[in-house]
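Some notes on the structure that comes next.
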Amino acid sequence: MTLIIEDGTGKPDAESYASAEELAMYAVKFGTVIPAGVPEQEALLRRAALAMDGMTWRGRKTNSEQALSWPRREVLLDHEVKPNNYLPARIQYGQMALAGEIHQDDIDPVEKRKGAVLLDRVEGAVTRQYAAIPTTSNRLLPAAPDRPSATQFADYLQKRGLFAIRA
């Protein structure tokens with residue numbers, strides 16, 4: 001099934017910001033590993049778009065009927081309010097980066113994954129201990145925050161980077 005691509009009009013049935021062909025070109029440019037088949041690439045882009053919908057973006061959806069989070073209205077960026085049909089290139093590149101990260105999480109063996117840092121000790125040399133990840137779990141760890149998609153999305157998210165909450 002062919003992807004329905006968002007073009008900035010706020011389509012009610014859009015599934016992605018990028019096509020499988022664009023994802024393949026992105027993978028070649030940036031050395032990202034993706035599946036070879038177009039149906040698998042499209043499924044990966046759909047998964048990335050769903051993950052993006054869970055993010056808190058600046059502004060508001062252009063209309064309530066649109067399927068994806070972008071385009072948005074009232075997006076203030078660099079002291080300028082962007083047009084309502086504005087679809088940043090970094091949203092598309094971020095989706096493709098996120099798709100590559102999701103695929104990498106899918107193909108990485110569980111033994112190579114690391115859990116949360118449990119211990120950091122500095123005495124001459126650094127010692128770091130990670131939490132064990134059970135090999136029986138089918139759950140994948142989410143993409144790490146230092147991955148390329150996080151960089152692409154940074155300017156468009158409601159909160160960027162670290163922030164403190166005063167109690």
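The numbers here are math on the coordinates, done by the rules we state, and not lab data. Quick caveat: nothing in here was measured; it's all calculated off a predicted structure. Cβ: placed from backbone, ideal geometry, glycine included. Neighbour counts: every protein chain shown.
The figures follow:
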| item | result |
| --- | --- |
| Theoretical gain in end-to-end length, Glu123 to Lys159 [0.36 nm per residue, Cα-Cα removed] | 9.4 nm |
| Residue-wise HN-Hα coupling along the stretch 31-36, computed from phi with Karplus coefficients 6.51, -1.76, 1.60 (Hz; x: Gly, Pro) | x, 8, 8, 9, x, 6 |
| Difference of contour (0.36 nm per residue) and Cα-Cα distance, Met55 to Glu21 | 9.7 nm |
| Cut-off under 5 Å, modelled amide H: who pairs with Lys61 long-range | Arg73 |
| Candidate aspartates and glutamates for bridging to Lys11, where Cα separation is under 13 Å - those fewer than 8 sequence places away on the same chain excluded | Glu65 |
| Karplus-derived 3J(HN,Hα), 6.51/-1.76/1.60, for each residue of the stretch 9-14, Hz, glycine and proline x | 9, x, 4, x, 10, 5 |
| Virtual spin-label span in nm between Arg73 and Ala36, 7 Å along Cα→Cβ | 4.8 |
| Extension gain from Ile107 to Val81, taking 0.36 nm per residue of separation minus the Cα-Cα distance | 5.3 nm |
| Within straight-line cross-link reach of Lys82, lysines at Cα separation under 17 Å, skipping those fewer than 8 residues along the same chain | Lys61 |
